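To start, the structure under review is shown below, and the notes come after it.
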Amino acid sequence: MTPQELRSTMSQFATGVVVLTVGGAHLHGMTANAFTSVSLDPPSVLCCIAHSAVMHDAISGAGAFGVSIMDVEQEGLARFFADKKRPLGPAQFEGVDWVPGPATGSPLLAGALAWLECELSEGYGSGDHSVFIGGVVSASRSEKGGDGLLYFDGGYHRLARAPR
């Protein structure tokens, strides 16, 4: 099994798209699709971050992170926070509409479908990534509704709501 074979195979698994953020001295954002809920009691989620990613040390250093669950209309913003050539630090948030989360100060992106703030509770190394478990300390969802942004087969796609 090669990394390319696994990447190709896993590209057939559709995932939601989030932007992970860290506030304070480690201000940083990163698009991710390796994110899911872990437990309702206690409320917790996980994200998987490459050891080589700036976000890896940012989360470790801050001990907390924010999550913005992206709306399909935010594909451009998701692409921006996925671009390794974007500016780092506070400059990457210039021109981006966001508010500091009330619990952690992590940037929460305006226009998202939902937001979470998490305190880092555990981290586990696994191959070239770490699995970070975050205890959810704040969660909310947009009242505007919208359609979810998906990542599938190497590209972004729309998740349309079924009529009710």
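The values are calculated or read from the model by the stated rules, or taken from the named source; none is laboratory data. Just so you know, these numbers come straight off a predicted model, no measurement behind them. All Cβ positions, even for glycine, are placed from backbone atoms using ideal geometry, and neighbour counts span all protein chains on display. The area values use the complete protein model at the heavy-atom level, side chains included, leaving out ligands, DNA and RNA. Shrake-Rupley method; radii C 1.70, N 1.55, O 1.52, S 1.80 Å.
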Query raised in the report: For segment 1-159, with the dipole built from +1 on Lys and Arg beta-carbon atoms and -1 on Asp and Glu ones, taken about the Cα centre, which of 9, 148, 34 lies farthest toward the positive end?
Result: 9
Report summary line: Subtracting the Cα-Cα distance of residue 38 and residue 99 from 0.36 nm times their residue separation yields 19.4 nm
Query raised in the report: Once label points are set 7 Å from the Cα along Cα→Cβ at both residue 25 and residue 152, what is their separation, rounded to one decimal in nm?
Result: 4.4 nm
Query raised in the report: Between residue 143 and residue 110, what is the spin-label point distance in nm, taking each point 7 Å from the Cα along the Cα→C-beta axis?
Result: 1.7 nm
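Mind checking the dipole of segment 26-100: about its Cα centre, +1 per Lys or Arg Cβ, -1 per Asp or Glu Cβ, Debye to the nearest 20? Walk me through the numbers before you get to the answer.
Working: 4 positive and 8 negative charges, 63 e Å.
Magnitude of the dipole: close to 300 debye.
Could you state the orientation-averaged shadow area of the convex hull built on the Cα atoms of the chain, in nm² to one decimal?
On the way: hull surface 41.1 nm².
Over every viewing direction, the Cα hull of the chain projects on average to 10.3 nm².
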Report summary line: Expected vector for segment 27-34, Karplus 3J(HN,Hα) from phi with 6.51, -1.76, 1.60 and θ = phi - 60°, integer Hz, x for Gly and Pro, equals 3, 7, x, 7, 6, 8, 10, 8
Query raised in the report: What residue among 92, 74, 12 shows peak mean-square fluctuation when the chain is described by a Gaussian network model with Cα springs under 10 Å?
Result: 12
Query raised in the report: What is segment 1-88 by shape, rounded, prolate or oblate, if you read a ≥ b ≥ c off the alpha carbon gyration tensor as root eigenvalues and call it rounded for a/c under 1.5, prolate for a/b larger than b/c, and oblate otherwise?
Result: rounded
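In a shell of Cβ-Cβ distance under 12 Å around residue 80, excluding residue 80 itself, what net charge do Lys and Arg (+1) and Asp and Glu (-1) give?
Numbers: positive: 79, 84, 85, 86; negative: 75, 83, 94.
Within the 12 Å Cβ shell, the charges total +1.
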Query raised in the report: Label-point separation (nm) for residue 9 and residue 51, each offset 7 Å from Cα along Cα-to-Cβ?
Result: 2.3 nm
Query - Over the chain: helical MRE at 222 nm, DSSP H runs n ≥ 4 each giving -39500 (n - 2.57), nearest 500 - result: -4000 deg cm²/dmol
Report summary line: the chain accessible area per residue, 1.4 Å probe, protein heavy atoms, integer Å², reads 56 Å²
